[in-house]
Every structure is written in C-alpha cells, then in structure tokens.
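Below you'll find the structure, written out as structure tokens, and then a few comments.
Derivation of every value follows stated rules applied to the coordinates shown; laboratory data play no part. This structure is a prediction, so every number in the text was calculated from the model and none was measured. Methodologically, a virtual Cβ is constructed for each residue, glycine included, from the backbone with ideal geometry; neighbour enumeration extends over all protein chains shown.
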Amino acid sequence: MNKEINYYKNKSIFISATNTDVGKTYACEKFLRYFASKGLKVGYFKPCETGVIDLPIDGSKMLKLTKELNPNFNVSINDVVPYQFKLPAAPYVAKEETTISLSYLKQKKEYLSSLCDILIIEGAGGLMVPLEEDLFIIDLIKEFNSEAILITPSKLGCINDTLLSIEALKNRDINFEFFINLYEDKDSFEKVSKPFLEKYFKKLSFLDELQIV
C-alpha cells in the first residue's frame, strides 16, 4: 500500500475489478488479513451478491474470516450482504422486481463502519455492472465516500481491461490503487502483458506481494 497505515483508519476501501472472476473475494481476504496484521479492527461489506441458493458463498466466507480477525464485528450475513439474488447475473437483472435502495445501502455501510476501524467493501462483477438503470457499481464508490482498489487480471487482454477501468475511475475523480492478480496465463504474463504495463505504469503492484505480518 502506498500510504501510512494510520491514513486508512476510519476509512472504507471498495474492492472492484475489471470484470467478474478476476479475484475480488480473494483480494478482500488478502486486505482483511493485511489490515488486521497492522493492528486495525477490520469489517466487511458486500452490498449485493447474485447466484445465491441458500447463503451467499462469498459473503459468508468473508464474514467468518472477519469475525475471526475482529470478534467485535458481531453482525449477521443479512447485514453484510443486504441484497441476495438467486440468478447469477448483473444485479439489475437478478433483482427482478426488487428495488435496490442506495440510501439503505449507505445506512448499512455506516452501521458496519461503526464496528471497525476500516471497512472492506466488495463490489459485484466489474465497475460498470448495473444495480439499477441509473446506478452502477462504480457509483457506489463515491456514494460510500470510499477509496478504490482495482483488481486486474494477468490473462491475455488485461492491458485493455486495465486501461479502460482506470479511465473510468479517473473520469469520476475516484482515488484508487490497482493490483494485478497473477492467476490466469500466469506463465505467459511476463512476455505477453508485463512489458507494456511496466513501461506504462513504471511500477506494478501484485496482490500476492501484499505483506502480511
């Protein structure tokens, strides 16, 4: 992380990605452990999870971890994942007749923030995934007054996906850092994508290099 640990106290960090299946939940685990290892009481929030049959898989896993790291985070899965839908699709489609209330999500975010020093918020899919016709995942970052961490992949095509997502964040004046998740096309990344990314950004941050003490 580029800033002193005290900078992050009483803040929220919104973890999004260039697309679905890029590693947001894995990143949440890494950052929950990272900030807990630095002495901060951590919290977790996933405003919406789709593809839910019985319980939200990602939300349940992260809530269990969060309670292990911060026993004071005594909340239910419905607090942590207030909107749960069965269809594995964008929330706008999966919600059917349900209205996703921004004010309700902001209330939940404030409540969860009161139980921790830093709240890790996990988005759904990529930045431009719709919740309502005029509300997208990227909009939540500003509405929650959060800083953003963008997770980008190592697979072929990651240059385009990374630059487009960063352009969207910059266009909305959102403060962000980005981390590369080396998981797909990992062996070819050094030759196929890294040369340009390293030249363009000068310094790259990798998710697995996050130091947990």
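Data table
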| read-out | value |
| --- | --- |
| Dipole of the range 8-209 [Lys/Arg +1, Asp/Glu -1 at C-beta], most positive-end residue of Phe196, Leu55, Phe31 | Phe31 |
| Cα gyration tensor shape for the range 3-69, rounded if a/c is under 1.5, else prolate or oblate | prolate |
| In the range 117-213, the GluC sites (Glu not before Pro) that fall in loop regions by DSSP, at most 13 other Cβ within 10 Å | Glu133 |
| Added length on full extension, which subtracts the Cα-Cα distance from 0.36 nm per residue, Lys9 to Glu198 | 65.0 nm |
| DSSP beta bridge pairing in the chain, given as percent antiparallel to the nearest 5 | 10 |
| The range 41-111 shape via C-alpha gyration tensor axes, a/c threshold 1.5 | oblate |
| For the chain: rounded, prolate or oblate by the Cα gyration tensor [a/c cutoff 1.5] | oblate |
| Rounded to the nearest 20 debye, dipole of the chain from Cβ charges on Lys, Arg, Asp, Glu | 680 |
| Projected label distance in nm at Glu133 and Asp21, using a 7 Å step from Cα toward the beta-carbon | 3.1 |
| In range of the label at Ile159: residues from the range 5-37 whose backbone nitrogen is under 15 Å from the point 7 Å along Cα→Cβ | none |
